[in-house]
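The values are calculated or read from the model by the stated rules, or taken from the named source; none is laboratory data. Please read all numbers here as calculations on a predicted model, not as lab measurements. Heads up, the Cβs are rebuilt from the backbone with ideal geometry, glycines too, and the neighbour counts pull from every protein chain shown. Ligands, DNA and RNA are stripped out before the accessible areas are found, and what is left, the full protein with its side chains, is counted by its heavy atoms. Shrake-Rupley method; radii C 1.70, N 1.55, O 1.52, S 1.80 Å.
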Amino acid sequence: MKLRNGIIKKYFWCIILLLTIMSFTFLLMPIANYMQNGWKQRLVLVIVGILFWISFISGYVLLIITIKKFKKLFNQENFEAESKLPNCFKFFSNTYAAIADAILIAVIVVLIVITILGRMTGVFPYIVLAILVFSINMHCLFNGNIYKTIRTNDTRERKRCKGMKDVN
């Protein structure tokens with residue numbers, strides 16, 4: 001169980017890293033605006049674009065691979081469906097999900113307010129977009145079945161190891 005959980009956990013944290021990189025490439029885009037038009041500006045935009053697409057594609061491909069491994073390694077018949085809603089519609093299901101969900105709600109409120117006020121200028125829209133994309137990705141990942149299973153198996157493993165220490 002520990003080996004299976006470890007493989008999925010490594011993949012899961014790699015997905016988080018890749019999607020975080022993808023989200024925060026939006027923060028690199030304003031750098032090109034401060035450069036003079038020319039080859040340097042285009043070079044920065046090309047590098048940011050390449051970094052975005054590589055992290056985007058590799059993150060979601062790794063997510064698909066992880067889901068397939070997850071279904072193979074863990075018998076899905078053992079998991080009972082808590083509700084008929086997809087996990088992306090669940091909020092605040094654990095600590096990490098609660099943090100991501102709170103950030104997501106706050107960013108949506110900020111986005112609505114600054115759109116109404118017409119303050120979408122400068123670097124601020126890039127910051128809001130980066131945080132919005134990041135929080136949507138984290139919301140979906142931390143409310144999903146893979147993270148729930150990792151967390152459940154870690155808890156079981158800790159309880160099992162703690163029980164073994166008490167016996168000795």
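Descriptive notes on the structure:
- In segment 106-130, residue farthest from C14 (Cα to Cα) [restricted to those that are surrounded by 14 or more Cβ atoms within 10 Å (Cβ to Cβ) and without any contact (Cβ under 8 Å) to a residue 60 or more places away in the chain]: I114
- Of the residues making up segment 154-163, none is at pLDDT 85 or above, exposed (fewer than 11 other Cβ atoms within 10 Å of the Cβ) and more than 24 Å from the chain's Cα centre (by Cα).
- Of all residues in segment 37-53, those that are open to solvent by less than 100 Å² (accessible area, probe 1.4 Å) and either in contact with a strand residue (DSSP E or B) (Cβ under 8 Å, 6 or more places away or on another chain) or among the aromatic types (F, W, Y) (or both) total 1.
- Qualifying positions in segment 50-65 - free of Cβ contacts under 8 Å to residues at least 24 places away in the same chain and under 26 Å from V123 (Cβ atoms): I50, W53, I54
- Test: residue in segment 13-36 that is part of a helix (DSSP H, G or I), free of Cβ contacts under 8 Å to residues at least 12 places away in the same chain, in contact with a helix residue (DSSP H, G or I) (Cβ under 7 Å, 6 or more places away or on another chain) and open to solvent by less than 90 Å² (accessible area, probe 1.4 Å): no
- Of the numbered criteria (1) at pLDDT below 95; (2) open to solvent by less than 80 Å² (accessible area, probe 1.4 Å); (3) under 18 Å from the mean Cα position of the chain (by Cα), the one I64 fails is (2).
- Filtered by the rule that a residue be touching a residue at least 24 places away in the same chain (Cβ under 8 Å) and among the aliphatic types (A, V, I, L, M), segment 86-98 gives a lone residue, A97.
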